[in-house]
Amino acid sequence: MGALHVVLLAGVKLFFAVSLAWLIITIEFKFLDDYVDNGTLLDDWREMYPQHRSILLVTMFLGLVMAFAFLCR
């Protein structure tokens, strides 16, 4: 039961961190939220070089990992 509790708590914390990040983006950075909702991001994503896509994805992943690590402290 103890191992399952840790996994469940980690999942809840991760969901909370992602939800909080999305809420902050929606409230504080309205232009970024509109950029994603208008579909402009998808067009720009297709035009990007694969190296830039990889860097962007790795940066976003590491940012989420850091947010999760700070949340678990």
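Rule-based calculations on the coordinates, nothing more; no lab input. Values in this document were obtained by computation on a predicted structure and should not be read as measured data. When we count neighbours, we look across all protein chains shown, and the Cβ atoms used for this are built from the backbone with ideal geometry, even at glycine.
Worth a mention:
- Extension gain for the segment residue 41 to residue 58, taken as residue separation times 0.36 nm less the Cα-Cα distance, is 4.4 nm to one decimal.
- Residues 61, 31 in ascending order of nearby Cβ atoms (within 10 Å, fewest first): 31, 61.
- Between residue 26 and residue 6, the simple label model (points 7 Å from Cα in the Cβ direction) yields a spacing of 3.3 nm.
- Distance from segment 31-73 to segment 1-30 (C-alpha centre basis), Å: 17 Å
- More than 20 Å apart - percent of Cα-Cα pairs taken over the chain: 49 percent
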